[in-house]
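To keep things clear, I will list the structure first and then write my remarks on it.
The values are calculated or read from the model by the stated rules, or taken from the named source; none is laboratory data. Worth saying up front: this structure is predicted, and the values here are computed from it rather than measured. So basically every Cβ, Gly included, is an ideal-geometry build from the backbone, and we count neighbours across all protein chains shown. Remember, those area values only see protein heavy atoms, side chains included, never the ligands or the DNA or RNA. Shrake-Rupley method; radii C 1.70, N 1.55, O 1.52, S 1.80 Å.
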Amino acid sequence: MPRYVRVGEVPPKRHIQFRKPDGSLYAEQVFGTKGFSGINSILYHANVPTQVSEYRAIGDLRPEMAPDEPLRHHHLKTWPMPASGDAVSGRVPLMLNEDVSLSLCRPVEAMGYFYKNADGDDLIFVHEGTGTLQTMFGSIAYHEGDYLIVPRGTIYRLLPDSGEQRMLVIEAPSAIETPKRYRNEYGQLLEHAPYYERDIRVPGAAEYHNETAEHEVRIKARGRLTAYYYDFHPLDVVGWDGYLYPWALNIADFEPITGSIHQPPPTHQTFEAHNFVVCSFVPRMLDYHPLAVPIPYNHSNLESDEMLYYVNDKFGSRKGIEKGSVTLHPSGIPHGPQPGAVEASLGAKRTEELAVMVDTFRPLRFTRAALNYEDANYPFSWKQRS
Ligand SMILES: [Fe+2]
């Protein structure tokens with residue numbers, strides 16, 4: 001996130017002696033991307049972050065993939081997916097490629113450990129539930145509609161409140177960022193951007209736990225999970241500053257861009273990463289030209305697979321969509337409004353749709369778990385029924 005933030009106590013200059021009240025030194029850590037060329041933050045730990053006492057392999061995280069299938073459109077009805085596990089172990093991958101993986105999570109257990117995704121950034125969309133994203137940079141309270149962006153390498157856990165929790169988890173080996181075209185040369189979001197720095201929430205206070213009990217951090221790296229054990233609390237940062245940290249944006253703070261005729265999907269773009277984008281379809285005024293067709297035309301998304309996650313069931317161009325539905329419209333075959341949808345939309349002034357879209361430039365492949373939720377009739381849902 002290209003904006004300087006400073007939280008807690010830091011010394012007046014980097015790389016100088018910084019002492020605890022007892023006179024011993026804090027351990028400085030430069031936490032950065034792209035070697036020393038990307039954005040970074042500098043953290044000050046009570047303990048030396050390299051002091052691991054034990055580690056052990058937990059297992060392979062790569063999901064079982066579905067067999068190759070003919071090219072077709074997909075609809076998954078995921079609302080009945082059983083809740084299981086915690087906010088990390090409960091993640092069920094549905095589809096992935098080399099650039100991104102998409103999972104759903106309905107946690108029921110508390111995380112008794114911390115987690116670090118060393119393979120990439122996590123973007124967690126909170127469909128249902130409230131709680132706390134607790135990280136080594138500090139905590140961010142979360143609620144429905146939040147996008148939580150957790151940079152690669154961040155030690156964190158999710159502390160859900162009681163009640164239903166439902167999340168869409170987008171993982172990427174590349175940085176998940178604000179769209180470049182919405183930033184000026186200094187990184188500030190421009191006037192035509194659909195959200196502003198003021199909408200972005202960052203940790204407000206340092207998370208300083210100076211405890212000497214064993215703690216576990218499960219690290220995802222190279223598709224495998226390894227448990228690391230430390231004799232201290234891994235969230236022991238007295239202060240930090242820099243440009244790299246977790247942040248949150250609520251989908252309700254995404255201000256839709258509307259027009260007199262249909263606006264294309266890039267106007268809904270919220271984030272970008274290597275070879276994919278994330279878009280937010282939010283309640284908005286519909287196209288106001290007197291002859292406007294206010295829902296999408298048929299389109300061939302050549303060189304792009306389109307995954308849509310439906311937060312509610314009010315998607316104007318599509319019938320049979322439920323809360324929690326997921327559609328995948330792959331590259332190579334057109335999709336568009338379903339029978340009667342164009343006529344039904346004429347003259348409509350508003351839509352209440354709420355959905356998250358991930359468009360990938362390389363094909364997505366299904367996991368075997370995704371097949372449990374498949375609506376097999378979906379490829380024929382555009383056919384007129386007499
Ligand atoms: Fe589309």
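Return the Cα extents of region 1-46 along principal axes one, two and three, sorted largest first, each rounded to a whole Å.
Principal axes ranked by extent give 35, 19, 16 Å for the Cα atoms.
With +1 on the Cβ of every Lys and Arg and -1 on the Cβ of every Asp and Glu, and nothing else charged, how large is the dipole of region 268-386 about its Cα centre, in debye rounded to the nearest 20?
240
Which far-off residues, 5 or more places away or on another chain, put their amide H under 5 Å from the one on residue 58, with H placed in the peptide plane?
Placed amide hydrogens put 225, 226, 227 under 5 Å from residue 58.
Answer with one residue from 307, 223, 131: the one whose Cα lies farthest towards the positive end of the charge dipole of the chain, charges on Cβ with Lys, Arg +1 and Asp, Glu -1.
Going by the Cα projections, it comes out as 307.
Check which residues have an amide H placed less than 5 Å from residue 206's amide H, if you skip close sequence neighbours.
8
Enter the mean projected area of the convex hull around the alpha-carbon atoms of region 217-308, in nm², rounded to one decimal.
Projected area, direction-averaged: 10.3 nm².
About its Cα centre, how strong a charge dipole does region 18-139 have in debye, to the nearest 20, once Lys and Arg get +1 and Asp and Glu get -1 at the Cβ?
280
What is the spread of the Cα atoms of region 1-123 along each of their three principal axes, largest first, in whole Å?
64, 32, 26
Before I look further, what does the chain give for accessible area per residue, probe 1.4 Å, in whole square angstrom?
Result: 47 Å² of accessible area for each residue.
Could you go through region 190-203 in sequence order and give the Karplus-derived ³J(HN,Hα) for each residue, using 6.51 cos²θ - 1.76 cosθ + 1.60 with θ = phi - 60°, rounded to whole Hz, and x for Gly and Pro?
With the stated coefficients, region 190-203 comes to 7, 4, 8, 5, x, 8, 9, 3, 5, 7, 8, 9, 10, x Hz.
Rounded to the nearest 10 Å², what accessible area does residue 152 have for a 1.4 Å probe in the complete protein model?
90
Given the pairs 220/319; 116/180; 77/383, which span a C-alpha to C-alpha distance of over 32 angstrom in this model?
Over 32 Å apart, Cα to Cα: 220/319.
Sort 322-333, 280-291 by the packing proxy (mean of other Cβ within 10 Å over each peptide's residues), most packed first.
Result, highest mean Cβ count within 10 Å first: 322-333, 280-291.
Rg and Dmax of region 44-180 over Cα atoms: what are they, in angstrom?
That works out to 16.1, 55 Å for Rg and Dmax.
Could you give each residue of region 130-144 its phi-based ³J(HN,Hα) in whole Hz, using Karplus coefficients 6.51, -1.76, 1.60 with θ = phi - 60°, and x for Gly or Pro?
10, x, 10, 8, 9, 9, 5, 8, x, 10, 10, 6, 10, 8, 3
Report the FRET efficiency, 1/(1 + (r/R0)^6), for residue 263 and residue 109, where r is their Cβ-Cβ distance and R0 is 51 Å, rounded to 0.05.
With R0 = 51 Å, the Cβ-Cβ based efficiency is 0.75.
Starting from the amide H of residue 28, placed 1.01 Å from N in the peptide plane, find each other amide H under 5 Å away whose residue is 5 or more places distant or on another chain.
Counting only residues 5 or more places away or on other chains, the set is 45.
Compute the distance from the alpha-carbon center of region 10-55 to that of region 90-148, in whole Å.
25
Helix-only estimate, please: 222 nm mean residue ellipticity of the chain, summing -39500 (n - 2.57) across DSSP H runs of length 4 or more and dividing by its residues, to the nearest 500.
Result for the chain, helices only: 0 deg cm²/dmol.
Using alpha carbons only, what's the Rg to Rh ratio of region 147-240 with Rh from Kirkwood?
That ratio equals 1.02.
Label region 236-386 by shape, choosing from rounded, prolate and oblate, from the square roots a ≥ b ≥ c of the eigenvalues of the Cα gyration tensor; if a/c is under 1.5 it is rounded, and otherwise prolate applies when a/b is larger than b/c, oblate when it is not.
Oblate is the answer for region 236-386, as a/c is 1.5 or above yet b/c matches or exceeds a/b.
Return the sequence-ordered ³J(HN,Hα) values of region 278-286 in whole Hz as given by the Karplus equation 6.51 cos²θ - 1.76 cosθ + 1.60 applied to θ = phi - 60°, using x for Gly and Pro.
Using θ = phi - 60°, the values come out as 10, 10, 10, 9, 10, x, 6, 6, 8 Hz.
Among the DSSP beta bridges whose two residues both lie in the chain, what percent are antiparallel, rounded to the nearest 5?
95
How would you order 217-229, 130-142 from highest to lowest mean count of nearby Cβ atoms within 10 Å?
In decreasing order of mean packing, 217-229, 130-142 become 130-142, 217-229.
Quick one: compute a quarter of the convex hull surface over the Cα atoms of region 319-386 and quote it in nm².
Mean projected area for region 319-386: 6.3 nm², to one decimal.
Mind computing the radius of gyration and Dmax over the alpha-carbon atoms of the chain? Å is fine for both.
That works out to 22.2, 82 Å for Rg and Dmax.
Largest first and to the nearest Å, give the Cα extent of region 223-275 along each principal axis.
61, 31, 19
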